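All remarks here apply to the structure that follows.
The values are calculated or read from the model by the stated rules, or taken from the named source; none is laboratory data. Predicted, not measured: the structure shown is a model, and the values here were computed from it. Here the Cβ positions follow ideal geometry from the backbone for every residue, glycine too, while neighbour counts run over all protein chains shown.
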Amino acid sequence: MSRDDETIRVYGAEAARYADVTKDAAKDPVLRLFLKHLAPASHVLDLGCGPGIASAAIAAEGHTVTATDATPEMVDMADAKPGVTARLATFDDVIEVAAYDAIWANFSLLHAARADLPRYLSALATALRPGGLFHIGMKTGTGAHRDKIGRLYTYVTEDELRGLLRDAGLTPIETCTGADTGLDGTVAPWVTVLARKPADG
């Protein structure tokens with residue numbers, strides 16, 4: 001099981017500050033790209049939803065949003081957002097089959113152990129309906145380590161991430177890269193990949 005209790009504790013203690021740092025997430029061009037590709041009235045899973053800012057933005061566009069997070073304080077914040085149903089869950093709790101039209105996994109799976117990424121991506125692909133849309137954001141680099149405030153990160157290269165997605169049966173369609181200042185005050189490079197499950201998958 002890929003659950004790091006120290007990372008969850010940090011997010012719980014810093015929930016209000018994290019919500020403030022990410023308050024403009026609804027304006028994120030990467031989220032707008034995801035929304036542009038969504039079919040009308042989609043059912044979307046927000047995996048590792050945090051305070052639910054992206055979830056609320058997705059719901060505001062007329063979609064049904066199921067949001068999950070392993071941090072109780074984050075779930076409470078997300079569940080209070082209009083149109084969002086949030087529940088406490090870890091990555092291991094994704095066991096649905098063809099339940100979602102799209103999955104938004106934005107900088108959440110970077111807290112999973114590298115060895116667990118293949119099975120999590122496979123489970124998420126299984127949870128998608130045929131033709132479903134999948135978004136993932138990860139910090140780029142190599143190895144794994146804790147940041148200044150104690151969160152555990154697994155870093156990937158762009159090629160590695162695209163390969164993991166293909167191995168899970170997902171076809172990458174768009175990639176974005178950049179760098180931002182995180183909760184710990186450190187500027188870190190990142191990559192996001194938008195992918196699809198085959199329509200006959």
TODO: Could you grab me the full set of residues in segment 143-175 that are touching an Asp or Glu at 6+ places or on another chain (Cβ under 7 Å) and touching a residue at least 24 places away in the same chain (Cβ under 8 Å)?
DONE: Asp147, Lys148, Ile149, Gly150, Leu152, Tyr153
Open item on the list: Restricting to segment 157-178, name every residue that is more than 19 Å from Ala144 (Cβ to Cβ) and either acidic (Asp, Glu) or part of a strand (DSSP E or B) (or both).
Closed with: Asp167, Thr171, Pro172, Ile173, Glu174, Thr175, Cys176, Thr177, Gly178
Open item on the list: Residue pairs, Cβ under 9 Å, 6 or more apart or interchain, first in segment 91-108 and within 16 Å of Gly48 (Cβ to Cβ), second among the charged types (D, E, K, R) and at pLDDT below 95. List them.
Closed with: Phe91/Arg3; Asp92/Arg3; Asn106/Asp28
Task: Residue tally, condition modelled with pLDDT of 95 or more and surrounded by 15 or more Cβ atoms within 10 Å (Cβ to Cβ), over segment 145-157 - done: 3
TODO: Could you please give the count of residues in segment 1-55 that are part of a loop (DSSP other than H, G, I, E, B), farther than 16 Å from Leu183 by Cβ and either among the aromatic types (Phe, Trp, Tyr) or modelled with pLDDT under 90 (or both)?
DONE: 3
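Looking at segment 56-70, which of its residues are part of a strand (DSSP E or B), farther than 15 Å from Arg3 by Cβ and not hydrophobic (A, V, I, L, M, F, W, C)?
So in segment 56-70, the residues part of a strand (DSSP E or B) come out as 64-69.
Narrowing further to those that are farther than 15 Å from Arg3 by Cβ: 64-67.
Across segment 56-70, the qualifying residues are Thr64, Thr66.
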Task: Hits in segment 1-14 (condition: out of contact with any Leu (no Cβ under 8 Å at 6 or more places or on another chain), surrounded by 18 or more Cβ atoms within 10 Å (Cβ to Cβ) and under 17 Å from Gly185 (Cβ atoms)) - done: Val10, Tyr11
Open item on the list: Exactly one condition in (1) modelled with pLDDT of 95 or more; (2) farther than 19 Å from Asp46 by Cβ is false for Ile95; which is it?
Closed with: (2)
Task: Members of segment 165-190 found to be surrounded by 13 or more Cβ atoms within 10 Å (Cβ to Cβ) and closer than 16 Å to Gly143 by Cβ, listed by number - done: Ala188, Pro189, Trp190
